[in-house]
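Okay, so here's the structure we're looking at.
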Amino acid sequence: MLVKTPCNFCNSKDYVALNQVVISPIHETSWLVRCKKCGLAYINPKPTLERERRLYDLEYFKPEEEALWREYRYPLFEKMLSRIESTIPDGSLLDVGCGKGYFLDLARKRGWQGVGTDVSSTAVQFARDTLRLEVHRGELRDAKLPENSFGVATSWNVLDQAYDPWGDLREVFRVLKKGGLIALRVSNLHFHLYLQRLFDLTNSIIPEGLRVTAPTVFHVYMFSPGTLRMFLKEAGFVDIRVENSTLDPNVPALINFAGKSAEVLLRNTAYPLAQAVYYLSIGNLLISPSLLAFARKP
Ligand SMILES: [Zn+2]
């Protein structure tokens, strides 16, 4: 079920429609809109809290996709840890939306003391029982973590799927130590919106049998470099850096979305396209499929 919702950041109900999209990973059609007041793009109407809870609790982690996710995320996690360690070499780390705990597990092997939070009971059970990690089940604020307690907070492709990203970001700020680092990764609005429009246009002029589903991903919140910076700045962070993040050919969300039969097509078309865009997006031109952001608590 979908419900009309005000902007998560500024609470305004005024918006303009951007495009009709399929919500990932819920597979329901809705509208991607942009808040007229602050510019945040989000799905409206959006899934209810109950629908999101059920999805992430019971349906999100599929055993058959496990190997694919690990293969996809590990190289990214290694790279991210090296980036973080170049600024803060070790200490306490909070991973928000830690899933099964693969990032925390890797961080622990490199000397970090990690704590995670996730809304999925199946994922949390795996992280606790199999990987022996300290993970809280529920929203970040449910964990009631003490303030000024972590040197680093990470959140990999979670903020754009959160029910209340603005609330979560302020909570991260509260629990970080002074000088603490936040590292985030989210889908990039610009890449997915323009690719969707290109596919919509192409599909509208070719025969029905030849139409192709766009390899785009639309989460409940879609950040642009500008709105991501706005969230971080208004939450109190400084030294904000937003940059392009590349795409992996095994990205399970895309394969999932388009179906197994489209896997070869995706690997042969979407991936080279995304790579090309990534290499073209230099300097301030942030149009790669995903965005990375780093910032500090002053
Ligand atoms: Zn707004």
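Listing for the model above:
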read-out	value
Residue ID - surrounded by the most Cβ atoms within 10 Å (Cβ to Cβ), chosen from residues in region 67-108 that are aromatic (Phe, Trp, Tyr) and either outside any helix (DSSP H, G or I) or touching a residue at least 40 places away in the same chain (Cβ under 8 Å) (or both)	PHE103
Conditions (1) surrounded by fewer than 16 Cβ atoms within 10 Å (Cβ to Cβ); (2) of a type in the set (D, E, K, R); (3) under 21 Å from LYS46 (Cβ atoms); number of the one not met by ASP239	(3)
Near pairs, Cβ below 7 angstrom, 6+ apart or cross-chain, from region 1-13 (more than 6 Å from the ligand (Cβ to nearest atom)) to any residue that is aromatic (Phe, Trp, Tyr) and outside any strand (DSSP E or B)	ASN8/TRP166
Residue ID - farthest from the ligand (Cβ to nearest atom), chosen from residues in region 26-45 that are part of a strand (DSSP E or B) and within 15 Å of PHE9 (Cα to Cα)	ILE43
So LEU145, is it assigned to a loop (DSSP other than H, G, I, E, B), under 23 Å from GLY179 (Cβ atoms) and aliphatic (A, V, I, L, M)	yes
Output for region 221-236, where each listed residue is closer than 11 Å to LEU40 by Cα and part of a loop (DSSP other than H, G, I, E, B)	SER224
Enumeration of residues in region 4-25 that are touching a helix residue (DSSP H, G or I) at 6+ places or on another chain (Cβ under 9 Å) and either assigned to a strand (DSSP E or B) or over 15 Å from ASP164 (Cβ atoms) (or both)	LEU18, ASN19, GLN20, VAL21, VAL22, SER24, PRO25
Test: residue in region 152-170 that is over 14 Å from the mean Cα position of the chain (by Cα) and aromatic (Phe, Trp, Tyr)	no
Condition met for LEU169 (closer than 24 Å to ARG53 by Cα and either at pLDDT below 95 or part of a helix (DSSP H, G or I) (or both))	yes
Only one of LYS4, LYS46 that is under 18 Å from the mean Cα position of the chain (by Cα) and among the charged types (D, E, K, R)	LYS46
Residue check, ILE84 among the hydrophobic types (A, V, I, L, M, F, W, C), within 20 Å of HIS219 (Cα to Cα), away from the ligand (no atom under 16 Å from the Cβ) and out of contact with any helix residue (DSSP H, G or I) (no Cβ under 8 Å at 6 or more places or on another chain)	no
Top-ranked residue in region 14-25 [being away from the ligand (no atom under 14 Å from the Cβ) and among the β-branched types (Val, Ile, Thr); ranked as surrounded by the most Cβ atoms within 10 Å (Cβ to Cβ)]	VAL21
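The values are calculated or read from the model by the stated rules, or taken from the named source; none is laboratory data. Bear in mind that the values here come from a model prediction, so they are computed numbers and not experimental data. Cβ sites come from the backbone with ideal geometry, for glycine too, and all protein chains shown count toward neighbours.
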